[in-house]
1. Determine which single condition Ala58 fails, assuming it passes every other condition in (1) modelled with pLDDT of 95 or more; (2) surrounded by 13 or more Cβ atoms within 10 Å (Cβ to Cβ); (3) among the hydrophobic types (A, V, I, L, M, F, W, C).
2. What are the residue pairs meeting all of these: first residue in the stretch 73-92, first residue under 14 Å from Ile41 (Cβ atoms) and of a type in the set (Lys, Arg), second residue modelled with pLDDT of 90 or more and buried (at least 18 other Cβ atoms within 10 Å of the Cβ), Cβ atoms under 8 Å, and 6 or more apart or on different chains?
3. Only residues that are within 22 Å of Ala82 (Cα to Cα), exposed (fewer than 13 other Cβ atoms within 10 Å of the Cβ) and of a type in the set (A, V, I, L, M): list them for the stretch 38-55, please.
Amino acid sequence: MKIRALWLVAFVLALGAPAFAQITDEASVPRISLSDLKRAIDAGQILVVDVRDASSYAGGHLPGAILIPLEDIQKKAPELKASKKPIVAYCA
């Protein structure tokens with residue numbers, strides 16, 4: 001899958017209760033560079049979550065990414081927290 005840096009939105013989820021309660025505006029979302037993301041994926045240091053719909057995911061996704069559509073993030077939060085890894089979610 002080809003990803004252009006301008007179209008990749010990656011952010012570390014702060015999975016509180018509710019999941020996005022700590023995010024007050026776009027500027028407060030922690031960011032990760034593409035090179036740091038690739039290094040972390042290669043090292044198995046992060047859990048990568050694709051928050052798009054199933055057809056978009058089927059059309060191509062980052063290696064190792066799991067699909068959890070954005071509308072399902074809240075109900076999947078306990079499972080995500082259990083991973084003990086930083087979580088990077090993206091849409092492209």
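The values are calculated or read from the model by the stated rules, or taken from the named source; none is laboratory data. This structure is a prediction, so every number in the text was calculated from the model and none was measured. FYI the Cβ positions are ideal-geometry reconstructions off the backbone, even for glycines, and counts take in every protein chain you see.
1. (2)
2. Going by the 8 Å Cβ cut-off, the qualifying pairs are Lys85/Ile46; Lys85/Leu47.
3. Ala43
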